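> Next up is a structure, given as structure tokens.
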Amino acid sequence: QVQLVEAGGGLVQAGGSLRLSCAGSGRTFSDYAMGWFRQAPGKEREFVAAINWNGGRTNYADSVKGRFTASRDNAKSTVYLQMNSVIPEDTAIYYCAGYLTSYYSPGADPAYWGQGTQVTVSS
């Protein structure tokens, strides 16, 4: 049974930084691409970032490009999302997601989801 557990959410001021983490278990973590999604109140869940199996390639939504960085430590079965220069529009529940492939394909649906962690950016 695959489990993804996020941590690191909280309250941060606009312009500040936050790092989310997601620990995976239940399968060979290093074999698969991972992603980050978010859902703001009253909005649909949206793609934020993805990282391939070895961290060699990343993809970002235009809204976070240049501010957020996805990375992974396969030895720790953990993926990270470094959030810099946050803005109030980044307020959302952030979800970690696991794919069934080694490389991320735009538009692909993840197979596994974490429970989410709340990020609130104050102005």
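The values are calculated or read from the model by the stated rules, or taken from the named source; none is laboratory data. Not measured: the values here are computed from a predicted model. Cβ: placed from backbone, ideal geometry, glycine included. Neighbour counts: every protein chain shown. For the accessible areas, the whole protein counts, side chains as well, though only heavy atoms, and no ligand, DNA or RNA atoms are used. Shrake-Rupley method; radii C 1.70, N 1.55, O 1.52, S 1.80 Å.
> So in the range 42-72, with the set limited to residues that are outside any strand (DSSP E or B) and open to solvent by less than 50 Å² (accessible area, probe 1.4 Å), which one is modelled with the lowest pLDDT?
Per the criteria, the residue is GLY55.
> Separate question: I need a count of the residues in the range 1-28 that are more than 15 Å from the chain's Cα centre (by Cα), in contact (Cβ under 8 Å) with a residue 12 or more places away in the chain and farther than 16 Å from MET83 by Cα. If you could, list the steps in order and put the result at the bottom.
Looking only at the range 1-28, we keep the residues that are more than 15 Å from the chain's Cα centre (by Cα), and these are 1-2, 11-16, 25-28.
From what's left, in contact (Cβ under 8 Å) with a residue 12 or more places away in the chain: 1-2, 11-16, 25-27.
From the residues that got through so far, the ones that are farther than 16 Å from MET83 by Cα too are 1-2, 25-27.
Residues flagged as more than 15 Å from the chain's Cα centre (by Cα), in contact (Cβ under 8 Å) with a residue 12 or more places away in the chain and farther than 16 Å from MET83 by Cα within the range 1-28 amount to 5.
> Now, a different point. When you check ALA97 against the structure, is it closer than 19 Å to GLY24 by Cα and either of a type in the set (S, T, N, Q) or surrounded by fewer than 18 Cβ atoms within 10 Å (Cβ to Cβ) (or both), yes or no?
Working: closer than 19 Å to GLY24 by Cα: yes; either of a type in the set (S, T, N, Q) or surrounded by fewer than 18 Cβ atoms within 10 Å (Cβ to Cβ) (or both): no.
No.
> State which residue is farthest from GLY24 (Cα to Cα) when the search covers only the range 84-93 and only residues that are hydrophobic (A, V, I, L, M, F, W, C) and either in contact with a Lys or Arg (Cβ under 7 Å, 6 or more places away or on another chain) or open to solvent by 10 Å² or more (accessible area, probe 1.4 Å) (or both).
Step by step, filter the range 84-93, then rank; the result is ILE87.
> To continue, here is another question. Being of a type in the set (D, E, K, R) and open to solvent by 70 Å² or more (accessible area, probe 1.4 Å), is that true of even one residue in the range 1-18? I'd like the intermediate steps shown before the answer.
Restricting attention to the range 1-18, the residues satisfying the condition of being of a type in the set (D, E, K, R) are 6.
The next check asks that each one be open to solvent by 70 Å² or more (accessible area, probe 1.4 Å); those that pass are none.
Scanning the range 1-18 turns up no residue that is of a type in the set (D, E, K, R) and open to solvent by 70 Å² or more (accessible area, probe 1.4 Å).
> Can you tell me which residues in the range 19-34 are open to solvent by less than 40 Å² (accessible area, probe 1.4 Å) and in contact with an Asp or Glu (Cβ under 9 Å, 6 or more places away or on another chain)?
Answer for the range 19-34, where residues must be open to solvent by less than 40 Å² (accessible area, probe 1.4 Å) and in contact with an Asp or Glu (Cβ under 9 Å, 6 or more places away or on another chain): LEU20, SER21, CYS22.
> Find the residue count for the range 91-118, including only residues that are free of Cβ contacts under 8 Å to residues at least 12 places away in the same chain and at positive phi.
Pass one, the range 91-118, residues free of Cβ contacts under 8 Å to residues at least 12 places away in the same chain: 105, 107-109.
Within this subset, residues satisfying the condition of being at positive phi are 107.
Adding up the residues that qualify gives 1.
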